[in-house]
1. Do the sum for the protein assembly as shown: with -39,500 (n - 2.57) for every DSSP H run of n ≥ 4, divided by all residues, what is the mean residue ellipticity at 222 nm, to the nearest 500 deg cm²/dmol?
2. Could you estimate the translational diffusion coefficient of the stretch B:85-172 from the Stokes-Einstein equation, with Rh from the Kirkwood formula over C-alpha pairs, at 20 °C and 1.002 mPa s, in whole µm²/s?
3. Calculate, for residue B:28 and residue B:93, the FRET efficiency according to 1/(1 + (r/R0)^6) with r their C-beta to C-beta distance and R0 30 Å; round to the nearest 0.05.
4. What is the log10 of I(q)/I(0) for the stretch B:290-398, computed with the Debye formula using one identical point scatterer on each Cα and no solvent, at q = 0.12, 0.14 Å⁻¹?
5. Would you mind getting me the FRET efficiency between residue B:400 and residue A:79? Use the beta-carbon distance for r and R0 = 45 Å, nearest 0.05.
6. Do you know the relative contact order of the stretch B:16-440, to the nearest whole percent, from alpha carbon pairs under 8 angstrom that are 6+ apart?
7. Kindly work out what percent of the DSSP beta bridges joining two residues of the protein assembly as shown are antiparallel, to the nearest 5.
8. Using a Förster distance of 56 angstrom, determine the FRET efficiency expected from the C-beta separation of residue B:86 and residue B:4, and round it to 0.05.
Amino acid sequence: MITAGVDIGAKYVKIVFFDGGKVIGRAKALIGFDVAKSASDLFESALKNADIKRNNIKKVVATGLNRESIHSKPPVNAEDVVSEVVADAVGAFHLVPTAKTVIDVGAEEGRGVKIGEGGKVKDFVINERCAAGAGTFIETMARALEVKVEDMGPLSLKSTQAIPMNAQCCVFAESEVVTLIHSKVPKEDISKAIHDAIASRISSMVLRVGVEKDVVLVGGVALNPGFLPPLKKELNADIIVPEYPEYVSALGAAIIAAKG
Amino acid sequence: MAKQVKAYPTEPLKCWDEAKTLRKNYYEDYLNAHNKGGIRWAGGAWTFSAIPAGLGTDVYFITGEPYGATIAFYKDFAAKCHDATEAAGFPRTLCAYMRNYWGAILLDKFILADGSVVDGYPAPDFIWQDHICCSHGKWYQVVKWLEKKKGKEVPMYCIDVSVGYSLEPSEPLEEYKKNYLIQQLNDGIDWLEKVTGRKYNDKLLCEAVWNEIRSTSLWAEICALNQAIPAPLDEKTMYSLYVMGTLMKHRPECVDFYEKLKEETRDRVKRGIAAVPHERFRVITDTQPPWGFLKIFREMEKYGVVSLGSLYTFGLIGMWEYKPDGTWIPKPLPPKKPKTREQALRAIVEWTLNKSEWAHFYRPELKTKMMKSIVDQWRANAVLLHYNRGCEGLSVHIAENRLGLLEAGIQVFPFEGNMGDEREFDLAGTLGRLTAFFESMGLKKIVE
């Protein structure tokens, strides 16, 4: 029985096809202005690439910020929707059955989810109204540094000194970065300061619900090698990053679909 | 369309129109007081409002917090008030009700219950206030300044209430503390006679004190009826009902209205009439809601969630006490109606210092205790905590309350916002998080 999970986030749509307890296909694409069309186009092409017919998919569950855009709407016709929090918990628990805390850092949202028996959500916290605890923060700062976003993590690992970054807002932090650039602070150190700042914000948010081991990091920012070291330091815990961390919510949705 | 979930019968409240009329008349009476040959005063909803009632039956008044909330409900006017207050140099971190209130004076406009705005803010003839929190201490001092700039000298009397509280009959307040307040009220009556030139009537005082005691006891009894499943009232509706106690708790109209409401609520319980037809998950909230965004309650109903009330809705006006067995119950009426000034002042001081919302200004763990009692007795499944940036007084220690509730095994959903400043509330984000919370509780949307 094939099911699908579609995670329509702020920046990317991610799709997972799931069958017999295994992932049988993945697809990811940037979201354009028309969110539903972006998701639908990717869904159609992913079906084609995986050689699956829509009729053969028993159920599609959508998650993510824009999940309603394909709920009961053709061509995807997602039969159900689920919040990112629940999808994160289910997906992470499937990959790491010992997981007790899931941290999901996406483009515009950071989340901490405490999970209990069977992957059930016990408590959660989400950043409020500020991108300073999410991937957009790193993107904005990369633009200020004139560095490709994918180079930000490796660059920060070359840093030789810790520079504090105190601004609690993405916009003000950008001004702080510009000041550091003008003060001739090396880009490596500024990049590290940026990663330290986001790790500090995420950790203080997650600590509100409490951190229990094992801790699993998912979401697109988990792919950034510069983010993991400061987060581990802030939380004083080892952190497991599963393979394909950006697909964990979509996986969770696909598993929920499989459960009926 | 509703999916296949058990539905309770529901019906509108019969006394709804009367509630609207009472509130409409209240603001219009204040506005037109001078045209009727009466006088008017201003002060907080927590103040000892029964005392100025001894000046006559043509004394009209406006309480500050409900007025600030009314402004907040009408977001366009609220935005103008915020701008005016900030342009006058006041920071946006202050009490949001207070800023709305000052904004209306600065704009020289007055908003009525239906949202219509009239030119000319009706200045009070005097201010009668008490200091329950830092903001309430300064609120009317600034009102006085603002009115003086417009050419009117408004005399002001403030009562210091910082003597503690009594929640349990077994722990009564010491006599000297009560006497401190009684003395201030006695002095206040002399002051009222002096500034108004009127002779004070003790009979009217006794009536007003007894009305206040009755109305605040009745409201608690109404709230207690919401322990029933299904709940006969939902909190969004209760906001329009409890407000009478914040506007006119000492008035006979308030007592009459709450008598009728109690009977109607009791009848709804008897007949199984629900406020939310698909009730299957019961929550309580905390502190004032973001008044411009009450639609969050309607969104909750789509999941079959009913908000039963809160310590705020129950205890701001309602009077409660702990029984020796630990049950939180409506405070019984004193044995006798006061007949003299001394009896009336003592009665109202003893009654008021029992206010539940008063106690947790002193000790946050008392608030946690009362919230736990509500969760237990009202059979609530979770608590939604509003981290209300607009009210320093009622938000103080709220994070400690969250921890206390979590330790007791109660599910808690905190959200940030502001009761009176719409700029500090993210509706879409809050609804998204609320959806995630309900889903994590195993709920799905029943009604689209």
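1. On the way: 25 runs with 320 residues, N = 708.
That calculation yields -14500 deg cm²/dmol at 222 nm.
2. Numbers: Rh = 14.8 Å.
The estimated diffusion coefficient comes to 145 µm²/s.
3. Numbers: r = 33 Å, r/R0 = 1.11.
About 0.35, to the nearest 0.05.
4. Taking Cα atoms of the stretch B:290-398 as identical point scatterers yields -0.54, -0.70.
5. Efficiency, from the Cβ-Cβ distance: 0.55.
6. Relative contact order here is 18 percent.
7. The antiparallel fraction comes to roughly 40 percent.
8. 0.60
Any read-out appearing in this document is the output of simple, stated calculations on the displayed coordinates, not a laboratory observation. Being a predicted model, the structure only gives us computed values, none of them experimental. Note that each Cβ is placed from the backbone with ideal geometry, even for glycine, and that neighbours are counted across all protein chains shown.
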